[in-house]
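Worksheet for the structure shown next.
No value in this document is a laboratory result; all are computed from the given coordinates. Owing to the predicted nature of the structure, the values given are computational and were not obtained by experimental measurement. Cβ placement follows ideal geometry from the backbone for every residue including glycine, while neighbour counts extend to all protein chains displayed.
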Amino acid sequence: MKDVIVVGGGIAGMAAAWHLRHRDLLVLESEPRFGGRVRSERRGAYWLNWGGHVYAGKNSATGSLLQSVGIEAAPVPGTLKGLAFNGKVLLDGLVEAYPFRVPMSWSTRMALVKPGLKVRKAVSHYGKMVARRPNEDYWTQQQRVYDFMNDKSFRDFIGDLPEDADAFFKPTVSRSSGDPEQITAGAGVGYFNLVWSKDDGEGLTRYIVGGASTLIDTIAASLKDYCHTGAVVQEVIHKDNSVVVRYRKDEVDYEEEARYVVMATQAPITQKICKDIDKDMSAALSQIKYGPYISAAFLTNENGPQIWDKAYAIATPKRSFNVAFNMSNMVRAGEPIRQQGSSFMTFSPATFARDLWEKTDQEVIDTYLDDLNDIFPGFSKLVAESHVQRWELGLPYCFPGRAKLQPSLSRPSGRVYLAGDYLGTFYTETSIQTGATAAQHILSHLGTLDQHMS
Ligand SMILES: Cc1cc2nc3c(=O)[nH]c(=O)nc-3n(C[C@H](O)[C@H](O)[C@H](O)COP(=O)(O)OP(=O)(O)OC[C@H]3O[C@@H](n4cnc5c(N)ncnc54)[C@H](O)[C@@H]3O)c2cc1C
């Protein structure tokens, strides 16, 4: 019998596996690669990216994991607050002044003032509310974050606005993968806090040198004897003092038994596979809501400096994607002479993704390039490589009423521990934190068992 089986090799599962690496361990991942919604691929000095790209700082579970694995991360250089709007690109200055620097009617500018001030004030409250209090555990903090403005939607909070005014809010809040009508006011405000904050704690402000998959691939390589891809777990069920995991790999059915299981799959999959978990937990898992994402990576081959060189993120209201990321500005920041090329990611969450979903990959690329050409004239002539990735379960978003599910999700069910981003509000940081917490609980139980047996 194994000590632990980790189901799901995304960042939550790999974080749990890393902490459990000295035990008798098995990691089962259904896809041909590890990483789940973390995916990057190297191209020389650059890397293409399709998923999680910015990570929490040194004083976080992510920081501890990176340090323990020996992976280098650094603050993202350049602006995270660029804007391309109605034909103008802004890469510096106060965000509050942007409406006065882009082409826009005075009535629209006036319509922005009240909701803008409300969001600014709420972001300031959020910033104080979210900070971890002395001796507070992760679950208590997360319950408080979910409770924050949980009873109404972000749309209810800002009200109906003219198209150009609404376009100022939509690209940021939809990054949660929910539309302003779907997510809580607190989640919308939280996203502005995330994007505006350069806090080096749990805020997402760092990039992983070499691309995000460097972390996943390093863990997978060091645990390679215990980690299997292409292993689709179908059933997880308790026995008296163990858990049985049934899975299929290369068209063969397998059964493994372990003392404990970490379920690091997305909520609906966990709910389907785990046949005998606590009823409240199962009901809570079935109510978690995800929105879709489509992302694309572009490698370009220009020879000289470009307008985007010093920017990292440029919000792109009223386009098919809502942000363009210059993934190469980390390379740019450290080079004495500008090298050839750049690496870009564009992404479309929520309604933006749904509008593109029926298109072929080539049609998605063509749609993105039309918009990129409008923003950066001549962009498509520079493109050497482009690839699309679809994420049906892109991100779990916080909807009105989500807060009351949290207590049922924050305790284990028998010998099964949950890990994943749907258990909190900090994306990869939540995945890593919950993976580490699950592992710590299991290590403590196994330690007690070892003492009894010796
Ligand atoms: C485009 C995009 C950009 C993002 N940007 C950021 C960002 O900058 N910063 C940030 O913090 N977050 C970001 N996120 C979110 C972040 O990527 C996720 O929160 C995080 O990667 C989730 O990790 P996870 O391990 O919890 O889940 P997943 O990555 O979904 O892992 C679950 C794993 O379980 C596997 N699995 C499913 N079913 C089975 C089965 N039956 N048997 C075995 N295995 C199974 C899946 O294949 C998958 O590998 C982004 C997401 C997207 C889509």
Original post:
Taking the Cα atoms only, what angle lies between the long axis of helix 213-222 and the longest principal axis of the chain, rounded to 10 degrees?
Top reply: 20 degrees
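How large is the convex hull of the Cα atoms of region 136-258 per residue, expressed in Å³ as a whole number?
Details: hull volume 28.4 nm³, N = 123.
Per residue, the Cα convex hull of region 136-258 comes to 231 Å³.
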**OP:** Calculate, in nm to one decimal, what Lys121 and Tyr254 gain on full extension: separation in residues at 0.36 nm each, minus their alpha carbon distance.
**Re:** 42.4 nm
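Tell me, what is the percent relative contact order of region 38-118, built from C-alpha pairs under 8 Å that lie six or more residues apart? Please list the in-between numbers first.
Values: 49 pairs, mean separation 10.6, N = 81.
Here the relative contact order equals 13 percent.
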**OP:** Kindly provide log₁₀ I(q)/I(0) values, in the same order as q = 0.10, 0.11, 0.13, 0.15 Å⁻¹, from the Debye equation applied to equal alpha-carbon scatterers of region 65-196.
**Re:** -0.40, -0.48, -0.65, -0.83
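Please compute the contact order of the chain in relative form: average sequence separation of alpha-carbon pairs under 8 Å and at least six residues apart, divided by the residue count, as a percent.
Numbers: 925 pairs, mean separation 117.9, N = 454.
Over the chain, the number comes to 26 percent.
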**OP:** For region 294-345, restrict the atom set to alpha-carbon positions and state the Rg and Dmax in Å.
**Re:** 11.5, 36
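What ranking do Thr140, Thr346, Thr367 get, fewest neighbouring Cβ atoms within 10 angstrom at the top? Before the final figure, lay out each step's value.
Working: Thr140 12, Thr346 27, Thr367 20.
Exposure proxy ranking, most exposed first: Thr140, Thr367, Thr346.
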**OP:** May I ask you to list the residues of region 141-172 whose amide nitrogen lies under 11 Å from a point 7 Å from Cα along the Cα→beta-carbon direction of Ser105?
**Re:** 162-165
Original post:
Order of Cys274, Cys227 from fewest to most other C-beta atoms within 10 Å?
Top reply: Cys227, Cys274
**OP:** Compute the Rg/Rh shape ratio of the chain: radius of gyration over Kirkwood radius, all on alpha-carbon atoms.
**Re:** 0.97
**OP:** Mind putting together the pair-distance distribution for region 289-443? All Cα pairs, 5 Å bins, whole percent per bin, short to long.
**Re:** 2, 8, 15, 16, 14, 12, 11, 10, 7, 4, 2, 0
Subject >> Computed label-point distance, nm, for sites Asp370 and Leu94 using a 7 Å Cα→Cβ extension >> reply: 3.8 nm
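Multiply the residue gap between Gln67 and Asp240 by 0.36 nm, knock off their C-alpha separation, and tell me the result in nm, one decimal place.
Values: separation 173, 0.36 × 173 = 62.28 nm, distance 3.82 nm.
Additional length available on full extension: 58.5 nm.
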**OP:** Please tell me the relative contact order of region 1-53 in percent, rounded to the nearest whole number, where contacts are Cα pairs under 8 Å and at least six residues apart.
**Re:** 33 percent
Original post:
By count of other Cβ within 10 Å, fewest leading, how are Thr300, Thr351 ordered?
Top reply: Thr351, Thr300
Subject >> Where labels lie 7 Å past Cα in the beta-carbon direction, separation of Ala221 and Asp156 in nm >> reply: 5.1 nm
Original post:
Could you give the distance between the Cα centres of region 352-404 and region 95-152, to the whole Å?
Top reply: 26 Å
Original post:
Separation between the Ala333 and Lys272 pseudo-spin-labels, each 7 Å from Cα along Cα→Cβ, expressed in nm?
Top reply: 4.0 nm
Subject >> Overall form of region 1-76 per C-alpha gyration tensor (a/c, 1.5; a/b vs b/c) >> reply: oblate
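How far, in nm, would the chain grow between Thr448 and Gln362 when pulled straight, counting 0.36 nm per residue and subtracting the alpha carbon separation?
On the way: separation 86, 0.36 × 86 = 30.96 nm, distance 5.57 nm.
Difference between extended and current length: 25.4 nm.
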Subject >> Phi to ³J(HN,Hα) by Karplus 6.51 cos²θ - 1.76 cosθ + 1.60 over region 272-283, Hz, x for Gly, Pro >> reply: 6, 7, 7, 7, 10, 6, 2, 4, 5, 5, 4, 5
